[in-house]
Every structure is written in structure tokens, then in C-alpha cells.
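First the structure, in the form of C-alpha cells, and then the observations on it.
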Amino acid sequence: MPYCINQSLNAFCWLLLCAACFVAAGCSSVWRQGPVSRSVAESRQLTQSGMAAIERGDWQLAENELSKAIAACPTDAEARLRYAETQLAHGRSQVAIEHLEEARRLSNNDPRITTRAGEVYLAMGRAEEAAQRADLAIARDPGAYAAWALRGRAMRALQRPSNSLADLQRALSHRPDDPQLLAEIAELHRQLNQPRRALLALQSCCETYRVGEEPTRLLEMQGEAFAALGRYDDAVDVYAACAAREPTNPGHFYQLARVRLQQGDTVGSESALRQALALDPRHAPSLRLAEQMNPAVAALPLTQR
């Protein structure tokens with residue numbers, strides 16, 4: 001066979017092989033450059049339209065557009081990921097997880113998609129499967145902040161606080177100013193009876209907010225840490241601030257009464273306790289503290305306290 005003909009045949013076979021590989025790869029791995037098939041272009045356009053609808057909060061339109069995108073290109077992992085979000089918005093967790101799992105398979109465990117699947121499993125109460133998806137995402141990308149956070153939360157749900165703490169701290173190393181992570185880490189330190197470390201995490205967390213805009217729950221946790229460390233004056237200041245913010249919450253006045261009693265201020269404790277019971281005469285923690293402090297007060301009819 002002449003040399004030129006042989007070369008032409010080789011080139012033709014090479015083109016056929018490339019075309020076969022492209023078709024086998026499916027819509028989820030389309031070339032970034034060059035022409036694409038009509039179905040791929042249609043899927044991309046519908047996916048963009050669906051994402052825009054999600055941003056506007058039009059979940060029904062988003063579901064319709066993304067459903068069409070999947071029909072146009074069933075192997076489009078991004079379309080399935082976005083469609084899953086519409087199902088979650090409608091409370092269809094099982095349908096969402098089915099599409100997320102398919103998207104995960106199509107994307108070869110893309111960390112973003114795999115982590116999202118794990119987050120949905122965790123929300124469904126399936127912590128073991130959430131942890132497994134986190135492991136898959138971390139294996140693909142050891143620097144995946146969201147995957148470490150997911151595994152930490154899954155470990156906490158599985159009653160493994162030490163493992164949870166280690167994973168959340170790993171996530172925090174990538175996002176040192178994340179207030180949610182700092183609050184979760186503080187809570188784990190509290191659970192592990194490490195009030196000093198809990199307090200440090202809480203102080204770092206509060207620094208991410210403007211003064212006076214810190215969530216009240218963070219202040220409450222600070223009060224708990226101060227009390228656990230025997231810093232009752234600081235605890236009193238924190239709980240007094242909570243009571244000033246939310247003057248109709250009997251829990252704040254109960255905590256104030258409790259730490260004032262630990263501080264040795266019986267009069268101040270009784271005053272705070274009466275305020276708690278005035279707000280809610282059946283507030284169980286306050287009633288128990290009243291019984292402990294002054295059984296005669298606890299025994300009075302509700303209207304006489």
C-alpha cells in the first residue's frame with residue numbers, strides 16, 4: 001500500500017477513536033473549546049436558566065428547566081446537582097439524594113457534589129453515609145474545607161466528639177474566621193469539659209461580629225464557660241447582658257440567679273429568680289432553684305411568688 005494512503009487510513013482511524021471517546025465521556029465532560037452537540041448546548045442553556053430561577057427564588061420554574069436539562073443530557077452532573085436543590089426546596093429529600101448520587105457517580109466523586117450529597121444525608125439523619133461521602137471528597141481533595149466540616153458534623157452526630165473536634169479544627173484551618181465553625185468547636189470543648197478552650201473559641205467567634213450584634217446564644221455559652229472556670233463576676237455580666245437583650249426570656253434570669261448564687265450573692269439571686277418566675281411561673285429550672293434556695297417561696301401559690 002502506498003505510504004500516503006497508509007498515513008491517511010491511520011489518521012482516519014485516529015479520528016474515529018477520538019470521536020468514540022468523546023461520545024463515551026458523555027455530556028458531563030464536554031470539551032471546553034470547540035463545537036458541542038445540540039443536546040449539550042440545550043442542557044447548558046436550560047441549566048443556566050434553572051440556576052437563574054433558583055437565585056430569584058422561583059423554585060417551580062427552576063425545577064421545570066432543570067428537568068428539561070436532564071432530559072436533554074442525562075449525563076450532565078451539574079444539571080442533576082441543581083435539580084436536586086429544587087427537590088430539597090420542595091421537601092423531597094429522597095428524590096434529591098438519588099440525583100445527587102447519580103451526579104456524584106457521573107463526576108467521579110467531584111468533592112463539591114460528593115460533599116453536598118453528604119450534607120443531605122446528614123440532614124436526613126443518616127450520619128454514617130454522610131461520613132462516608134466526606135471521606136470520598138477528602139480523598140479527592142484533602143484541602144476541601146466543606147468536606148472536613150461535613151465529617152466533623154457527622155462525627156458529632158455519631159457521638160464521637162473527639163473525632164468531631166479534630167475534623168472541625170481541620171476545617172477551621174482553611175476558614176479561621178468562620179463563626180459557625182468556631183461556635184461548634186466551642187460547644188464540643190464544653191461537651192468535653194474543656195471550658196478554657198471553649199472560652200477561647202467563643203471569644204474568637206464573637207470577634208467576627210460587631211460589638212452588640214453577637215448572637216445571644218454565644219453570650220450564653222460564654223457565661224457557661226466563665227461559670228465553669230469560677231469567674232462568676234464575668235458570668236454575671238454576660239447573663240445580665242443577655243437579660244437586657246431579651247427581657248421576656250425567663251432562662252436568662254434563671255442563669256443570672258444561678259451564677260449569683262454561686263457568687264455568694266443570695267439577695268441578687270433571689271431577685272433574679274423572682275423575675276424569672278414572674279415571666280413564667282412554671283419555668284422548671286427556676287422552680288428547682290427556688291426549692292433549693294427557699295422551699296417556703298417555692299411552696300407558695302403561683303400568684304403569691
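The values are calculated or read from the model by the stated rules, or taken from the named source; none is laboratory data. It should be emphasised that the depicted structure is a prediction, and the values quoted were computed from it without experimental measurement. Cβ: placed from backbone, ideal geometry, glycine included. Neighbour counts: every protein chain shown. These accessible areas exclude ligands, DNA and RNA; they are computed on the full protein's heavy atoms, side chains included. Shrake-Rupley method; radii C 1.70, N 1.55, O 1.52, S 1.80 Å.
Some notes on this structure:
- Test: Arg140 is open to solvent by 80 Å² or more (accessible area, probe 1.4 Å) and free of Cβ contacts under 8 Å to residues at least 60 places away in the same chain: yes
- Restricting the first member to the stretch 96-114 and to residues that are open to solvent by less than 40 Å² (accessible area, probe 1.4 Å), and the second to residues that are not in a helix (DSSP H, G or I), the beta-carbon pairs closer than 6 Å and six or more apart or on different chains are Leu106/Thr75; Pro111/Asp141; Pro111/Ala144; Ile113/Ser107.
- Residues of the stretch 153-170 classified as of a type in the set (Lys, Arg) and either under 13 Å from Gln194 (Cβ atoms) or free of Cβ contacts under 8 Å to residues at least 24 places away in the same chain (or both), total: 2
- Criterion: closer than 30 Å to Ser173 by Cβ, modelled with pLDDT of 95 or more and surrounded by 14 or more Cβ atoms within 10 Å (Cβ to Cβ) - qualifying residue of Asp280, Asp234: Asp234
- Looking only at residues of the stretch 73-93 that are of a type outside the set (Val, Ile, Thr) and touching a residue at least 40 places away in the same chain (Cβ under 8 Å), we find that the one that is surrounded by the most Cβ atoms within 10 Å (Cβ to Cβ) is Asp76.
- Filtered residues of the stretch 124-157 (kept if among the charged types (D, E, K, R) and part of a helix (DSSP H, G or I)): Glu128, Glu129, Arg133, Asp135, Arg140, Arg151, Arg153, Arg156
Per-residue answers, yes or no, for (1) crowded, with 19+ Cβ neighbours inside 10 Å; (2) among the aromatic types (Phe, Trp, Tyr); (3) touching a Lys or Arg at 6+ places or on another chain (Cβ under 8 Å); (4) not in a helix (DSSP H, G or I):
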residue: Arg197; (1), (2), (3), (4): no, no, no, no
residue: Leu218; (1), (2), (3), (4): yes, no, no, no
residue: Met221; (1), (2), (3), (4): yes, no, yes, no
residue: Thr248; (1), (2), (3), (4): no, no, no, yes
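- When residues of the stretch 199-210 are limited to those that are more than 19 Å from Ala166 (Cα to Cα) and assigned to a helix (DSSP H, G or I), the one least open to solvent (accessible area, probe 1.4 Å): Cys206
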